[in-house]
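Data block below; observations after.
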Amino acid sequence: FSGSSGHSTGLAGAPKTSWPELVGLTAGEAEKKVKEDFSRAEIQVVPPNHFVTMDYRTSRVRIHVDSSGKVERPLRTG
């Protein structure tokens, strides 16, 4: 059961749904790690002060980066 944490259920084959441990890495490093855990992830790198749509997609992972290209908030699907 995932509860409100956003983590996978722990069931065999269930993809991981959040990556708080990637904060501070470069976007490239974070993308590589997400793809290792969730191969069908559709990655979107979001620069500072850019707008994003509010629709939810189970395969999308947005990587919000700061002005130096480092991940600034935990990644999650959606």
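The values are calculated or read from the model by the stated rules, or taken from the named source; none is laboratory data. This structure is a prediction, so every number in the text was calculated from the model and none was measured. Quick reminder, even Gly has a Cβ in these numbers, built from the backbone with ideal geometry, and neighbours come from all protein chains shown. We work out accessible area using only protein heavy atoms, side chains counted, and drop any ligands, DNA or RNA first. Shrake-Rupley method; radii C 1.70, N 1.55, O 1.52, S 1.80 Å.
Filter the stretch 27-62 down to the residues that are assigned to a loop (DSSP other than H, G, I, E, B), touching a residue at least 12 places away in the same chain (Cβ under 8 Å) and not aliphatic (A, V, I, L, M) and list them by number. Full working, then the answer.
Kept after step one, since they are assigned to a loop (DSSP other than H, G, I, E, B), are these residues of the stretch 27-62: 38-41, 47-59.
Restricting the remaining residues to those that are touching a residue at least 12 places away in the same chain (Cβ under 8 Å) gives 38, 40-41, 47-48, 56-59.
Those that are assigned to a loop (DSSP other than H, G, I, E, B), touching a residue at least 12 places away in the same chain (Cβ under 8 Å) and not aliphatic (A, V, I, L, M): F38, R40, P47, P48, Y56, R57, T58, S59.
Considering the stretch 12-25 alone, what residues qualify as being under 13 Å from R62 (Cα atoms), touching a strand residue (DSSP E or B) at 6+ places or on another chain (Cβ under 7 Å) and either in a helix (DSSP H, G or I) or open to solvent by less than 60 Å² (accessible area, probe 1.4 Å) (or both)? I'd like the intermediate steps shown before the answer.
If we filter the stretch 12-25 for residues that are under 13 Å from R62 (Cα atoms), which is where we start, we get 17-20, 22-23.
Narrowing the set further to residues that are touching a strand residue (DSSP E or B) at 6+ places or on another chain (Cβ under 7 Å) leaves 17-19, 22-23.
Matches in the stretch 12-25: T17, S18, W19, L22.
For R73, indicate whether it is at pLDDT 95 or above and open to solvent by less than 40 Å² (accessible area, probe 1.4 Å).
no
For the stretch 32-59, give me each residue that is closer than 14 Å to K16 by Cβ, touching a strand residue (DSSP E or B) at 6+ places or on another chain (Cβ under 6 Å) and charged (D, E, K, R).
If the condition is that a residue be closer than 14 Å to K16 by Cβ, touching a strand residue (DSSP E or B) at 6+ places or on another chain (Cβ under 6 Å) and charged (D, E, K, R), then no residue fits.
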